[in-house]
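> One structure follows; several queries about it will come next.
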Amino acid sequence: MRKNILLSLLLTLTALAGFSQVTITPATFNATDEITIKVSFASATCNTMGTAPTAVYMHAGIGNDTNAFGFAVVGNWAQDDGVGAMVNNGDGTFSKTLTPSTYFGLTPAQISSATKLGMVFRSADGTKTLKKAPSCGDFIYNVGYFQSALITPAENSSTIIASGASLNIQASNTNGNANYNLKANGASINMTFGTPSYSYTHTNITSNQNYELVITQGTSVQTKKFSVIVNPGLISEALPSGLIEGINYNPTDATKATLVLDAPFKDFVYVAGSFNNWQPTAAYAMKKDPSSTKFWVEISGLTPGAINSYQYWVVDTTPVSGSPMLVKTADPFSTLVLSPFDDQYIPAASYPDLPPFPVGPTTEVTVLQTAKPVYNWQVTNFTKPKKEDLVVYELLVRDFDSHRNYQDVIDKIEYFKSLHINAIELMPVMEFEGNESWGYNTAFHMALDKFYGPESKLKELIDLFHQNGIAVILDVALNHAFGRNPMDRMWMSDPDGDGFGGPTSENPYFNVTATHSYSVGNDFNHQQPRTKTYVKRVIEHWINEFHIDGFRWDLTKGFTQNCTGSESCTNSYQQDRVDVLKEYVDYSWSLDPTHYAIFEHLGADNEEQQWANYRINETPSKGVMMWGEMFTQYKQLALGYAADISRMGNTAHGFTAKRVIGYPESHDKDRVMYEALKYGNPSGTTPLNNLPNALGRMPAIAATSILVPGPKMIWHFAELGMDDSIYTCSDGSVNTETDATSGDCKLATKPQPQWVENWTSDPARAAVFSNYSKLIALKTGEPVFEGNYAISPNVNLLKQRIYIYDDTLNASQLKNVVVLANFAVLEQTITPDFPYTGTWYDLMTNTPVNITSTTDLITLPAGQFKVYGNRPNSTLATNRFELNKAVSLAPNPSSGQFTINANMSKVDVYTLTGQLVKTFAGKSQETNYNISDLSNGIYLVKATDSNNREQTMKLIKQ
């Protein structure tokens, strides 16, 4: 009962194809025979391609009984490249003629042992499929006149026996007599010639056996595999003190490591690994601690620094109904796993020297490496930004840039610095099922997923961001785990025997049925002590090993045990949830007193207050930051309609401290720009159904959200006015949750228009970025934004007014700020209600404004905003890499060249994305720097003097 995502080759590539009517002529064929495959689309069952598709691709493979696609696969999913294209017969059917041995490029050995042909059918872009009814799975057909079957034991099975017991093996074949050769651990133990069936009993078995029954008929060879695992009996020995679950490296001897597994209800456990050729002897039977449910064994003879891998073979001789006796699984506390399903599709450029998956295992294995190289951290005492000052940039590594890896994020450091954000929040990077994922289908919470790169690269990213004053927060999905998770698999219900399933009633970590109404994957029971131990180990690992500054806890509503199937219960106050989540944050603060805790709860204020106000009076102040979704409200404003944004800050929630991370956009909701273009108010002087007008009000969205005191968040590329729907498919089309025919594209890999189309050089989008940058710098650089506020719209909710103030600041500081915004589609006058008259300043330009009456009306064009302060905005003149405030470049904007009013040893010109496009060396202040060959847009000029002091300045090329 497979719940994991992208489990096989085809699942890794896409949702699989399948059925209507498929015929192969001739019906019986060898791999060397020419065949014609014909498919009809007359039936709508398991068919999203329609009855008359214009183009059909066959994605096909050939293999043996174990894997019909195991020898070779032909087809490039989602590519309209002709590979696998079928011929349109003009009658609603498509066909393809081929010879399997040639089409798949088989070796002689593969030709002789091929027994299965697999295929799926798809549209040219891969978004629509034909699947086999009724299961909507793959089409699988026999290859060869010669077929054989293992009668007993079952193929690929493992039989548990007592030492000295026997095993009976029976098989048969078709198409006449055949020869049989039975091998045990690689050595032939019995041979039978020229019979249509086979029977043999292997007696007095005292050690684990891997069997192969090789059946030969002429040039055809088929192999059936199975195994025997001998019960080693109870080996009782106390667990040495100081050992924890998982891998325990010997601090003085890099040739040894001790493995510890907690396995209640299990009878015995072997460790199979590269160090015993995946054939464990009695020496690798784990010892049982007599005072607990833990098994342990010391592995010796390891080569320091070498990559090893292993699995646990966990046996329950009397399992509950539907649960397997044997489970082969990776370590629950793995920090790096190898996957037979996903790793082969990871680009070498993203993960150089990825260890190959070993021959033998069929599910994930744990990597063990003694004397592992230690990362040399450049920043060991990072000071986190105050919670009140946070502007968090949420990003999905997969969709941030085209290479979809950590290096892409590292390469954009100048982009982040110029935006002035002070924290990034990475959507889950823990080992998840498949590669093309948001990461919430986590399987191993302590292991880094390899699709984005090795752990050294993530550490480099964190270190670099810390060097630049930017905190790094991880999104963690600890409400649940998916089917490859070892703690699920060791106590799973698997009546169909495919090796995967949901938890049984014995499972000491998971609920059989989710105890809340937002079930995802397998639901953790957070009242179980083992679950709590696991969660705390996860927290400790990422804080201590990766220097992570905080966690965004996904789906915290699921941490209750009280609300099976009831949404009203799930959304109401639950004391057990309050208590366990306090326990978890207490633990994280015990490791790092300034650690950020962020809950995606989106629940009732009375419960959220318990966390937001928790331990806030301590030094340093604690308190959990709560996600404050304001998508609907800001979407309405973007559309040109009224909305109440009072809950953007802490006051409306009843939180004592500023602990609301308010946001107009996140990964879970559509883009406000997309909504504006699709549904925006079409009337007035600036109708919202066109790009310039919709883009024009994004800075007003930013001003009325980011500047509200307290932590805030932006979803990646809001600062460029991203207008692609969250339901955009990989081919650029849009498919939403309401499209029942083919499913939505919410999780699909997104196109990269922001870089491909060079949005940072587009004047309209660059203006959005510039406004975001100024507003964020103002927010993070001026203390007044840690103060008080009042949101008091004028007359209607289209004319927004936010007053921000801090009376404890002195008169020479910026202590009073008035934000005004007009979200109507017509020009409007707004009463500013300044707290006093006198000279005020437009904080976006530092232009002084003489206010003679606090209520004099201010006229704002449709979709525009103003930010006024009692003192100039000091952040406009502040540069993060300042060497001398007097250093400047001119002219700016420039059409062809500029000068710098100081001697420089080096001048580098970067795009906003961090790409170096020009370098000048050894220049004096009279030098003209030629940029006539650059495209129009905004650039960053980094000037370095002879003392290696740097200053980065913005330059507009026009």
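> Ranked highest first by average number of other Cβ atoms within 10 Å, how do 53-66, 844-857 line up?
Top to bottom by mean Cβ count within 10 Å: 53-66, 844-857.
> Filter the GluC sites (Glu not before Pro) in the range 206-307 to those in DSSP coil with at most 15 other Cβ atoms within 10 Å of their Cβ, and list the result.
Within the range 206-307, the qualifying GluC sites (Glu not before Pro) (loop, at most 15 other Cβ atoms within 10 Å) are Glu237.
> Something else: Would you work out the relative contact order for the range 148-231, in percent, from Cα pairs under 8 angstrom that are 6 or more residues apart?
Dividing the mean separation by the residue count of the range 148-231 yields 37 percent.
> Using a Cα distance threshold of under 17 Å, what count of lysine pairs results for the range 22-142 when pairs must be 8 or more residues apart or interchain? Walk me through the numbers on the way to the answer.
Details: Lys38/Lys96; Lys38/Lys131; Lys38/Lys132; Lys116/Lys132.
Number of lysine pairs found: 4.
> Report, by chain and number, residues whose modeled amide H sits under 5 Å from the one on Lys128, excluding near sequence neighbours (fewer than 5 apart, same chain).
Those lying under 5 Å, H to H, from Lys128 are Ser123.
> Hey, another quick one. Pairing the Cα long axis of helix 575-591 with the longest principal axis of the chain, what angle in degrees results, from 0 to 90 and rounded to the nearest 10?
Between the helix axis and the principal axis of the chain, the angle is about 80 degrees.
> Take peptides 583-593, 187-197 and line them up by average Cβ neighbours within 10 Å, highest first, as a rough protection proxy.
Ranking, from highest mean packing down: 583-593, 187-197.
> On a 0 to 90 degree scale, rounded to 10, what angle separates helix 455-467 from the longest Cα axis of the chain?
10
> Which percent of Cα-Cα pairs in the range 22-142 sits in each 5 Å bin, short to long?
2, 12, 22, 25, 20, 13, 5, 1, 0
> Right, something else. Hand me the trypsin sites (Lys or Arg not before Pro) from the range 778-883 located in a DSSP loop with no more than 13 other Cβ atoms within 10 Å, in residue order please.
Taking the range 778-883 and a limit of 13 other Cβ atoms within 10 Å, the loop trypsin sites (Lys or Arg not before Pro) found are Arg880.
> Using only the Cα atoms of the range 246-368, build the gyration tensor, take square roots of its eigenvalues as a ≥ b ≥ c, and label the shape rounded, prolate or oblate: rounded if a/c is under 1.5, else prolate if a/b is larger than b/c, else oblate.
Judged from the Cα gyration tensor, the range 246-368 comes out oblate (a/c at least 1.5, b/c at or above a/b).
> About the Cα centre, and with charges only on the beta carbon of Lys, Arg (+1) and Asp, Glu (-1), how big is the dipole of the chain? Nearest 20 debye, please.
With only Lys, Arg, Asp and Glu charged at Cβ, the dipole is about 600 debye.
> Rounded to the nearest 500, what is the chain's calculated 222 nm mean residue ellipticity when only DSSP H runs of at least 4 contribute -39500 (n - 2.57) each, over all residues?
-4500 deg cm²/dmol
> Could you give the Stokes-Einstein D for the range 631-696 in µm² per second, using the C-alpha Kirkwood radius, 20 °C, 1.002 mPa s?
For the chosen part, D equals 166 µm²/s.
> Next question. Measure nothing but the geometry: give the 0 to 90° angle between the long axis through the Cα atoms of 529-546 and the longest principal axis through the Cα atoms of the chain, rounded to 10°.
So the helix axis and the longest Cα principal axis differ by about 60 degrees.
> Just the Kirkwood number for the chain, please: inverse of mean 1/r across all distinct Cα pairs, in Å, one decimal. Walk me through the numbers on the way to the answer.
Working: mean 1/r = 0.0318 Å⁻¹.
In the chain this quantity evaluates to 31.5 Å.
> For the chain, what relative contact order do you get, as a whole percent, if you take Cα pairs closer than 8 Å and at least 6 residues apart?
Details: 2301 pairs, mean separation 65.7, N = 958.
Relative contact order for the chain comes out at 7 percent.
> While we're on this one: Name all residues of the range 130-156 having a backbone nitrogen under 17 Å from the label point set 7 Å from the Cα of Thr201 along its Cα→Cβ direction, giving them as ranges.
So the set is 152-153.
> Once phi is turned into θ = phi - 60°, what whole-Hz ³J(HN,Hα) does the Karplus curve with 6.51, -1.76 and 1.60 give for every residue of the range 767-777, x standing for Gly and Pro?
Karplus values, whole Hz, x for Gly and Pro: 5, 4, 4, 4, 5, 4, 4, 5, 5, 5, 4.
> Taking a cut-off of 20 Å between Cα atoms, list the lysines near Lys779, but don't count ones fewer than 8 places away on the same chain.
In chain and number order, the partners are Lys384, Lys386, Lys387, Lys417, Lys658, Lys712, Lys815, Lys866, Lys954.
We did not get these values from a lab; they are worked out from the coordinates using the rules stated. Everything numeric in this text was worked out from a predicted model, so none of it was measured. All Cβ positions, even for glycine, are placed from backbone atoms using ideal geometry, and neighbour counts span all protein chains on display.
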